[in-house]
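Structure first, then comments.
The values are calculated or read from the model by the stated rules, or taken from the named source; none is laboratory data. These numbers come from a predicted model, not from an experiment. Backbone-built Cβ (ideal geometry, glycine too); neighbour counts: all protein chains shown. SASA here: full protein model, heavy atoms, side chains in, ligands and nucleic acids out. Shrake-Rupley method; radii C 1.70, N 1.55, O 1.52, S 1.80 Å.
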Amino acid sequence: MSNSLKVFVGYDSREDIAWQVARYSLRRHASVPLEVHPLKQASLRELGLYTRPVDVSAATEFSITRFLTPYIADTDGWSVFCDCDFLFTGDIGTLFEHLDPANAVYVVKHDYVPSQAVKMDGKVQSTYPRKNWSSFMVFNGAHPAVKALTPRVVNAESPAFLHRLQWVDDAAIGELPLTWNFLEGEYERPAETPKVIHYTNGGPWFENWQDVDYADLWLGEKALYEASAGAAIG
């Protein structure tokens, strides 16, 4: 991978610190050059790329904007989307060692029923097929199904069509190991720390979510980020 890997992180104005720490952890562990960008709905609307009506019931501001990732990345190589409530403890560069270019997209194929009825700051936890598959997606920009995922499609199709990855044949959906999108609180804590911890029910940046698994790792990363940001300002 000679060029920078483009990574887009879902941005929610209520969780700015989560985005900052996710980006910092990505960069800190990466062995490859990265371009890390926030997917801000307001900016995408200003650019005319996102025109759907505002959905007040959406769990996050990036529920649908995530599917604009490959269009914005504008590459025939790989690009990545992840939610903002992610903590990277491993090197994202190693993710691409075994990917098959015949596949359009790679995800962790979760098969679970959420353990919580309410998540984050009081949002209802919805249950649907292929839940959380779209929270971490590795797109193959050269694949026809990915090239066809244009703003017109993203703005017109139903959330179910997009989140269940119905825009691509099942045979072209590659599977990533669970360690690349480990759902904290939904799986038994493994002996080895996952490469990517996903605080899907809420993370330590929320007042009522201080006791989750791996809270210490996120808080430690936050402290490193704040120290680096302070040094940069100083």
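Some observations on this one:
- Taking each residue as 0.36 nm, the span from Ser4 to Val113 lengthens on full extension beyond its C-alpha to C-alpha distance by 35.6 nm.
- From helices alone, the chain scores -7000 deg cm²/dmol at 222 nm; the rule is -39500 (n - 2.57) for each run of n ≥ 4 DSSP H residues, then divide by the residue total.
- Inter-label distance, nm, simple model (7 Å from Cα along the C-beta direction), Asp211/His29: 2.6 nm
- Rel. contact order, % - alpha carbon contacts under 8 angstrom, at least six apart, the chain: 23 percent
- Summarising the amide proton neighbourhood of Leu176: residues at separation of 5 or more, or on other chains, whose placed amide H is nearer than 5 Å comprise Val107, Val108, Lys109.
- Heavy-atom accessible surface of the chain, averaged per residue, reaches 46 Å², computed with a 1.4 Å probe.
- Spin-label model, Asp169 to Val56: label points 7 Å out along the Cα-to-beta-carbon direction sit 4.3 nm apart.
- Residues whose amide H comes within less than 5 Å of that of His37, counting only those at least five positions distant or on another chain, are Val7, Phe8, Val9 (H built at 1.01 Å from N in the peptide plane).
- Across Leu224, Leu183, the residue with the most accessible area heads the list, and the full order at a 1.4 Å probe is Leu224, Leu183.
- Residue of Glu221, Glu97, Glu15 that the Gaussian network model of the chain assigns the largest fluctuation, springs spanning Cα pairs under 10 Å: Glu97
- Each DSSP beta bridge with both residues in the chain is either parallel or antiparallel, and the antiparallel ones are about 45%.
- Each residue of segment 26-32 was assigned a 3J(HN,Hα) from its phi angle through the Karplus expression (A = 6.51, B = -1.76, C = 1.60, θ = phi - 60°), giving 4, 5, 5, 9, 6, 9, 10 Hz with x at Gly and Pro.
- Globularity ratio of segment 176-234, using Cα Rg and 2.2 N^0.38 Å: 1.29
- If the chain linking Leu99 and Glu46 were pulled fully straight, counting 0.36 nm for each residue of separation and taking away their Cα-Cα distance, it would gain 15.6 nm.
- Within a straight-line Cα-Cα reach of under 17 Å, Lys109 can be paired with the following aspartates and glutamates, leaving aside sequence neighbours fewer than 8 residues apart in one chain: Asp83, Asp100, Asp169, Asp170, Glu175, Glu184, Glu186, Glu188.
- Descending Cα extents along the principal axes, the chain, whole Å: 42, 42, 39
- Extending 7 Å from Cα along the Cβ direction at Asn155 and again at Glu192 yields two label points whose distance is 4.5 nm.
- Taking Lys and Arg as +1 and Asp and Glu as -1, the other residues whose beta-carbon sits under 10 Å from that of Leu178 total +1.
- Order of exposure, largest accessible area first, which applies to Lys195, Lys131, Lys147 with probe 1.4 Å: Lys147, Lys195, Lys131
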